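Everything on this sheet refers to the single structure shown next.
Any read-out appearing in this document is the output of simple, stated calculations on the displayed coordinates, not a laboratory observation. In this text the structure is predicted, and so the values were computed from the model without any measurement. Here the Cβ positions follow ideal geometry from the backbone for every residue, glycine too, while neighbour counts run over all protein chains shown.
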Amino acid sequence: DPALLRPGRFDRQVVVDVPDVRGREEILKVHVKGKPMNSDVELDVLARRTPGFTGADLANLVNEAALLSARRNEKEIKMNALEDSVERVIAGPEKKARVISDFEKKLVSYHEAGHALVGEMLTHTDPLHKVSIIPRGRAGGYTLLLPKEDRNYMTKSHLLDQVTMLLGGRVAEALVLQEISTGASNDLERATGLVRKMITELGMSEELGPLTFGQKEGQVFLGRDIARDRNYSEAVAYAIDKEARRIIDECYLKAQTIIQENMHKLNAIAQTLMEKETIEAKEFAELMAQFDKPVETAQVSDPSEAENNTTENEDLLPTTRETSVEGEGRTEVGGLSGSTLEEEKNKID
């Protein structure tokens with residue numbers, strides 16, 4: 001109630017923010033007291049991997065790790081149990097008992113591969129921690145990105161890259177499977193909400209400029225969060241919708257371009273997910289590094305010797321030399337063609 005905050009009543013207001021990395025480490029030290037911890041546990045590392053966690057979240061994390069260790073018949077809480085508990089707190093428990101069809105498994109694999117690939121190729125996204133097609137909570141799969149350090153401010157470039165990454169799953173479905181599904185509903189909701197917030201609250205619209213639209217209500221009623229009253233005209237509302245459409249279209253096109261130019265990487269990520277169901281950060285980095293290796297070429301010390309060898313072996317050169325030259329620098333990777341995909345889909349159905 002704003003009346004309680006009038007001068008002379010509650011003059012001093014104390015803001016309790018979420019703890020920073022040092023605060024999280026100290027909170028973790030409190031909650032692990034009295035629990036059998038393995039020597040491999042590094043609380044400073046765990047604190048860096050839990051940005052945005054509150055004290056209650058950290059307490060829940062340690063309790064989940066203790067329960068998980070008990071289920072595994074382990075006498076001590078190990079680091080891997082704590083790391084697994086981080087994902088459990090963020091995304092919910094795994095649903096390994098859930099049975100999905102081969103087509104759905106392929107759909108989820110390419111959807112999550114789209115998120116992971118677009119996030120990897122963009123500049124202002126957080127490092128990938130894990131990508132999995134094992135259902136957790138209400139999600140059929142998830143791509144988890146964790147920042148290296150606490151972030152108090154976010155730039156426009158960071159927000160746009162975040163929107164682009166959110167659209168990566170839908171783009172991958174459309175390009176590879178030539179079909180879209182309901183799996184991207186939460187991604188679209190988050191992307192749209194973020195774009196509208198950029199326009200109406202953060203003044204990050206090129207068309208509308210550094211303005212905010214809508215006025216926050218001063219009072220919060222039971223069962224209702226702080227809302228925004230519309231204090232602008234129909235023309236401005238139309239301009240907001242138009243600008244949101246423009247930004248979404250640009251981010252969608254950017255994600256589409258990234259996936260089309262790196263289809264071989266998308267296929268590799270999706271195939272690995274279908275085989276192993278989960279890709280950790282280290283394995284993902286190794287998978288991407290395979291495509292970044294420089295092509296080894298034979299080196300000849302004496303140019304005249306190379307010219308002589310070429311002259312002597314002219315008869316051994318392929319007759320379709322022009323075609324070979326046109327294909328230089330191009331890497332052919334076996335992907336999913338339209339006809340092959342249709343045959344696979346028919347087999348699954």
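Quick notes on this structure:
- Cβ-based exposure ranking for Ser101, Ser181, in which fewest neighbours within 10 Å come first: Ser101, Ser181
- Karplus-derived HN-Hα couplings along the range 116-124 (A = 6.51, B = -1.76, C = 1.60, θ = phi - 60°), whole Hz, x at Gly and Pro: 5, 5, 4, x, 5, 7, 7, 8, 10
- Relative contact order %, the range 2-149, counting alpha carbon pairs below 8 Å whose residues are six or more apart: 20
- Rounded, prolate or oblate (a/c below 1.5 giving rounded, otherwise prolate when a/b exceeds b/c) for the range 1-116 by Cα gyration tensor: oblate
- Ranking of Ile180, Ile133 by count of other Cβ atoms within 10 Å, fewest first: Ile180, Ile133
- Whether the range 144-284 is rounded, prolate or oblate, judged on the alpha carbon gyration tensor where a/c under 1.5 counts as rounded: prolate
- Which listed pairs, of Lys29/Lys78; Lys29/Lys75; Lys148/Lys282; Lys35/Lys282; Lys78/Lys276, have C-alpha distances above 25 Å, in listed order: Lys35/Lys282
- Relative contact order (%) - criterion: Cα under 8 Å, at least six apart; region: the range 14-91: 36
- In this structure the amide hydrogen of Phe213, modeled in the peptide plane, comes within under 5 Å of the amide hydrogens of Glu201, none closer than 5 places in sequence on its chain.
- Amide H contacts of Leu145: His129, each under 5 Å away and 5 or more positions distant or on a separate chain (H built 1.01 Å from N in the peptide plane; Pro and chain starts excluded).
- For Met263, Met198, Met165, order by how many other beta-carbon atoms lie within 10 Å, fewest first: Met263, Met198, Met165
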